[in-house]
């Protein structure tokens, strides 16, 4: 699994990758997607609860009290930092954009009536690409970086049972699960474990008391095109070019939001 990802565990998706633009017809998991080598990932979840001081209670009891009004709001953001290296970029365009007869067949292909371009970009080229995309708006689907994928090692599935991929072949209870580095990769989301044993209910366990709107993600499979991702937008992207250095240091701030208008 790790080898197939070339040690990348964080990806930025373009708007042209989302289901609205027929993601099922993407050639592979890397199409219309940019990989980042992150050294640190900072995830911030801030609960927005309004607190109101209550008058007079402190006079009667000697202890003041504030009441919290929980309206179910939170602000979520992610800060990434690391390096960008040269990588192969896969872009899939409409058939009217590219005339295959004028491109070498070594890096173009015809996929489901669309044209796939495969090019190897330097680290600086990838940075320029991302900067130009952050500068665009939601109307440019091939520039709009609107989803973030973070893969992490996980063992426990949506029903609080171990993933099959997380279990070792050993019958010894002390080694019944695989070590962290050999566990399956799970996309980071804000969904909770809510699946019944028969797979028919999604309003139990951690989701009790809520209306289920999604499922806890399954392990990532590089052979599948669809990956659970965090929707939102890039708030800022900063890079540092150093002469003679084959890679580029970067920092990126991503704010989670369901839609950008």
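Conditions (1) at pLDDT 95 or above; (2) surrounded by fewer than 18 Cβ atoms within 10 Å (Cβ to Cβ); (3) outside the structural domain of residue 248 (by TED's automatic domain parsing), marked per residue:
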residue	(1), (2), (3)
94	no, yes, yes
101	no, yes, yes
104	no, yes, yes
112	no, yes, yes
129	yes, yes, no
132	yes, yes, no
136	no, yes, no
139	no, yes, no
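Quick one: how many residues across the stretch 116-127 are outside any strand (DSSP E or B) and either in contact with a strand residue (DSSP E or B) (Cβ under 8 Å, 6 or more places away or on another chain) or at pLDDT below 95 (or both)?
Summing the residues that are outside any strand (DSSP E or B) and either in contact with a strand residue (DSSP E or B) (Cβ under 8 Å, 6 or more places away or on another chain) or at pLDDT below 95 (or both) in the stretch 116-127 gives 4.
Looking only at the stretch 161-190, which residues are in contact with a helix residue (DSSP H, G or I) (Cβ under 9 Å, 6 or more places away or on another chain) and part of a loop (DSSP other than H, G, I, E, B)?
Once the filter is applied, which keeps residues that are in contact with a helix residue (DSSP H, G or I) (Cβ under 9 Å, 6 or more places away or on another chain) and part of a loop (DSSP other than H, G, I, E, B), the stretch 161-190 yields 168, 178, 183, 184.
Every residue, every condition in (1) without any contact (Cβ under 8 Å) to a residue 40 or more places away in the chain; (2) out of contact with any helix residue (DSSP H, G or I) (no Cβ under 8 Å at 6 or more places or on another chain); (3) in a loop (DSSP other than H, G, I, E, B); (4) within 24 Å of residue 44 (Cβ to Cβ), yes or no:
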residue: 141; (1), (2), (3), (4): no, no, yes, no
residue: 148; (1), (2), (3), (4): no, yes, no, yes
residue: 159; (1), (2), (3), (4): no, no, yes, no
residue: 192; (1), (2), (3), (4): yes, no, yes, yes
residue: 195; (1), (2), (3), (4): yes, no, yes, no
residue: 200; (1), (2), (3), (4): yes, yes, yes, no
residue: 210; (1), (2), (3), (4): yes, yes, yes, yes
residue: 224; (1), (2), (3), (4): no, yes, yes, no
residue: 227; (1), (2), (3), (4): no, yes, yes, yes
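The values are calculated or read from the model by the stated rules, or taken from the named source; none is laboratory data. Just so it is clear, the model here is predicted, and its values are computed rather than measured. As a convention, Cβ positions derive from the backbone with ideal geometry for all residues, glycine included, and neighbour counts pool all protein chains shown.
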